[in-house]
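Before any comments, here is the structure.
What follows draws every value from the coordinates through simple rules; no lab data is involved. Note that the structure is a prediction, hence the values are computed from the model and not measured. Cβ sites come from the backbone with ideal geometry, for glycine too, and all protein chains shown count toward neighbours.
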Amino acid sequence: MDDNRIRQAYGAVATLYIDLFGTTATVHADDLALIERHLAGRTGPVLDLGCGPGHLTDHLRALGVDATGIDLVPEFVAHARATHPDGTYRLGSLDDLAVADHSVAGILAWYSLIHLPPPDLDRVLAGFRRAIVPGGPLVVGIFIGDEVDAFDHKVATAYRWPVDEFSARLRRAGFAEVERLPRLDDDNHRSHAAVAAVASGT
């Protein structure tokens, strides 16, 4: 993934994005419930990777989770820090989490993997597995389709995945899927899925 391109693309529309998606009111109740099922109650640090405006990081913190929001986009991090001053937010990349091996209790990657070219996904998931404790949860949101393909996202090129193929990539990286919640296309939203997995092995 070209971090500079994604950073610039989202920075250019940050104010609009925050206005449209910057609160948990824009997250489907079933998705929030899935996030809570797998990440609430974790002991230890949880990373919200690609946290955007910081609303889900703040939601996790309200549930008692030691959550840190990480994003590429300075405008998002600045907004999150100003809006949720009790939280912890920092600039960072999916490619370099800057944490010790097996030091993270859980990871939320809510639509932050959608811009990864398919050849890059295995490497990024392997980085997540390196960071997370055995048995720790990974919760992701992805766009889904019948095949892996690119589409013209309003901000930058994004990719759809068949859920079974994405789950296979998770297994390859050392995760075991434990729950999926697909939601098919309607008049306002692309087909997407929330997927929860746990880090397997030792």
R0 of 30 Å, Cβ-Cβ distance R190-T43: FRET efficiency to nearest 0.05: 0.25
Could you give the nm distance between label points at R5 and T83, where each point is 7 Å from its Cα heading toward the beta carbon? 2.7
Can you list residues from other chains, or at least 5 along the same chain, whose modelled amide H is less than 5 Å from the amide H of T88? G69
Rounded to whole Å, give me the distance from the Cα center of segment 1-28 to that of segment 45-97. 13
Grab the Cα-Cα distance for A62 and A126, subtract it from 0.36 nm times how many residues apart they are, and report the gain in nm with one decimal. 20.1 nm
Dividing the mean separation of Cα pairs under 8 Å (6+ apart) by the residue count of the chain yields a relative contact order in percent of 18
What spacing in nm lies between the two simple spin-label points modelled at Y111 and R172, each 7 Å away from Cα in the Cβ direction? 2.6
For a label point 7 Å from the Cα of R183 along Cα→C-beta, name the residues of segment 113-141 whose backbone N is under 20 Å from it. 113-115, 138-141
Starting with the highest mean, order 157-165, 102-110, 16-24 by the number of other Cβ atoms within 10 Å, averaged over the residues of each peptide. 102-110, 157-165, 16-24
Taking 0.36 nm per residue of sequence separation and subtracting the Cα-Cα distance, how much length would be gained by fully extending the chain between D101 and L32, in nm to one decimal? 22.0 nm
Modelling each spin label as a point 7 Å along the Cα-to-Cβ direction, I'd like the F21/R90 distance in nm, to one decimal. 2.4
Among V124, V104, A196 the positive-end extreme of the charge dipole of the chain (Cβ point charges): V104
